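One structure is given below, encoded as structure tokens.
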Amino acid sequence: MSLTFHWFLPTNGDSRHVVGGGHGTPATAFGRNRPPTVAYLSQIARAAEDLGFVGALTPTGAWCEDAWLTTAMVSQHTERLKFLVAFRPGFVSPTLAAQMASTFQRQTGGRLLLNVVTGGESHEQRAYGDFLDKDARYRRTGEFLQIVRDLWEGKTVDLAGEHLQVEDARLARVPDPVPEVYFGGSSPIAGEIAARHVDVYLTWGEPPAQVAEKIAWVRGLAAKEGRTVRFGIRLHVITRDTAEQAWVEAHNLLDGFDPDTVKSVQAGLARSESEGQRRMLALHGGSREDLEIHPNLWAGIGLVRGGAGTALVGSHDEVAERIKEYHALGIDEFVLSGYPHLEEAYWFGEGVLPRLAAQGLWQHPFAPTSAPAAQVPFTS
């Protein structure tokens, strides 16, 4: 089976520096270098599409543009790229969300994937009128997904749950195909929700040993539910012709981290109730020292950015080897990004993907016999 690669739409802005923010912290000033206009995001999306990325993750939160509206507009400037739309179940009714997804599928030719984000920051949730605690939010997510999936199957739904209630809910038109549901979370209740409802469990880029533990955990929970779940990982990438060139880029990014900004972002992220965010913070401890926490796995991004905080750094061959290492654990989908997102998509797409293709691990999903990215490795 060919590995699946997704890229990222920086709806918080883009730059040659790391654009911080997320998980309750605002986007940093670098996000104004390349504003997230539809024109620029469409340029990234078209590049990702041509290079062979299947989809593009679009984030959610107060720090970025709305994912539903943005991807609906960008979809009109692309032909095949899917959009992994992140959304929070507590902010929209399940019936409306099911209808929105169904409409998106019809209007884009089936190019929607859904990334369900329960939300790990109560202070940000309250800004949107959501006052449930973290565990209650996860229980609501379970009810939400139960309703949405039943509606997508064409059922009429009546449910009086702990947090959600619908009567005589149904869709006039069901989505075809039904969107796949992606989901992440490291707390015990997150694992339970993943096992019962999701298609792909996503983890942030922890060292392989920790990722292996997560896979075994979720796989075991899903087996108890009589289900199987696929696995994906969220990482940044800095890949160049040589390892030396890649690490120069990483150190250049690190040099751009203002100490006051690091201190402020770390203080904001420390408020997060997300177990996944806590695990990300533990990888670097707020220090600039010893940031290579596994060969070619660099924790520097997490000093100024919430959420995914690690990057694969190295030559194209080294990055390809790390991808193979994660794949051997059970990871089949890779959700990647890099600064700036337009240029870094080409570095990865023209540098790493051909090497994986040559080893029979990847083929271009849209033009498997003729795509340049599957034939000639990129050199500078």
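The values are calculated or read from the model by the stated rules, or taken from the named source; none is laboratory data. All values reported here derive from a predicted model rather than from experimental measurement. Note that we place each Cβ from the backbone using ideal geometry, even for glycine, and neighbour counts take in every protein chain shown. What goes into the accessible areas is simple: the full protein's heavy atoms, side chains included, and nothing from ligands, DNA or RNA. Shrake-Rupley method; radii C 1.70, N 1.55, O 1.52, S 1.80 Å.
The rows are residues; the columns are (1) in contact (Cβ under 8 Å) with a residue 12 or more places away in the chain; (2) assigned to a strand (DSSP E or B); (3) crowded, with 21+ Cβ neighbours inside 10 Å.
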| residue | (1), (2), (3) |
| --- | --- |
| 57 | yes, yes, yes |
| 61 | yes, no, yes |
| 64 | yes, no, yes |
| 71 | yes, no, yes |
| 98 | yes, no, yes |
| 103 | no, no, no |
| 137 | yes, no, yes |
| 147 | yes, no, yes |
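Might you let me know whether segment 305-323 holds any residue that is open to solvent by 10 Å² or more (accessible area, probe 1.4 Å) and within 16 Å of the chain's Cα centre (by Cα)? Scanning segment 305-323, I find at least one residue that is open to solvent by 10 Å² or more (accessible area, probe 1.4 Å) and within 16 Å of the chain's Cα centre (by Cα), so the answer is yes.
Across segment 4-31, the qualifying residues are those that are at pLDDT 80 or above and in a strand (DSSP E or B), and the one among them that is surrounded by the fewest Cβ atoms within 10 Å (Cβ to Cβ) is 4. For segment 118-135, the tally of residues that are in a helix (DSSP H, G or I), open to solvent by 50 Å² or more (accessible area, probe 1.4 Å) and among the small types (Gly, Ala, Ser) stands at 1.
Selection within segment 202-240: residues that are more than 16 Å from residue 313 (Cα to Cα) and assigned to a strand (DSSP E or B). The member of this set that is most open to solvent (accessible area, probe 1.4 Å) is 230.
Restricting the first residue to segment 343-358 and requiring it to be within 13 Å of residue 52 (Cβ to Cβ) and without any contact (Cβ under 8 Å) to a residue 60 or more places away in the chain, which pairs with a second residue that is in a helix (DSSP H, G or I) and among the hydroxyl-bearing types (Ser, Thr, Tyr) meet a Cβ separation below 7 Å and a spacing of at least six or different chains? Final answer for the pair search is none.
Selection over segment 241-255 of residues that are under 13 Å from residue 18 (Cα atoms) and either touching a helix residue (DSSP H, G or I) at 6+ places or on another chain (Cβ under 7 Å) or crowded, with 16+ Cβ neighbours inside 10 Å (or both) gives a count of 4. Take the conditions (1) in contact with a helix residue (DSSP H, G or I) (Cβ under 7 Å, 6 or more places away or on another chain); (2) open to solvent by 30 Å² or more (accessible area, probe 1.4 Å); residue 326 misses just one of them, which is (2).
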